[in-house]
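The next block holds one structure in the form of structure tokens; read it before the comments.
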Amino acid sequence: MILHRCFAWGGATNPHVVDAPLWFPRVFQGDGRHDNPDTYGCLYLADRPLACIAEQLAAFRGQRLMPSMLLRRGLSLALADIELSDDATLVDLDDPRTLQRERLRPSRVATRDRSVTQPQALELYKRRPDAAGLRWWSRWEALWANVTLFDRAAPALRL
């Protein structure tokens, strides 16, 4: 499966070093939808380039695009295509059977309240050691899929 990541790029050619496409930025995590940096690092990706770009730039809706909006921590945003091994398992939070099995409600998956989504992700991480990550719908367009990959998925990734 090809996924896409919009991220702060440090210019490295090695994809696994700090600020590179396959680097899990755990040190900067804590505010994201599924962040639990005391337990795991994660990457946020999407099933199409537009979706991950929209996630990065949505905060600037209605504003004139300025060069500074394309920076994170002083680094330029970049777009990477990342291949997740076909045998990797994602917990699909857009599948009613998964929601029923995991005893989750769509409204609690979709909420922007991190005090709800972060504990959910942590519980799924612990209960599903086979899972590379979580799949859920974008808040900007429900037909777009977002993916959170846990750092244990690193061996299943390549550029």
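What follows draws every value from the coordinates through simple rules; no lab data is involved. Here the structure is a predicted model, which is why all the values come from computation and not from measurement. As a convention, Cβ positions derive from the backbone with ideal geometry for all residues, glycine included, and neighbour counts pool all protein chains shown.
By the count of neighbouring beta-carbon atoms within 10 Å, fewest first, 60, 24 end up ordered 60, 24.
Sort largest first and round to whole Å: the equivalent ellipsoid semi-axes of the range 20-103, each the square root of five times a Cα gyration tensor eigenvalue.
On the way: eigenvalues 142, 55, 43 Å².
Computed over the range 20-103, the values are 27, 17, 15 Å.
Every pair of different Cα atoms in the chain enters the Kirkwood calculation, which places the hydrodynamic radius at 16.1 Å.
Would you calculate a helix-derived [θ] at 222 nm for the chain, using -39,500 (n - 2.57) for each DSSP H run of n ≥ 4 and dividing by the full residue count, to the nearest 500? Mind dumping the intermediate values first?
Details: 4 runs with 35 residues, N = 159.
Calculated mean residue ellipticity at 222 nm is -6000 deg cm²/dmol.
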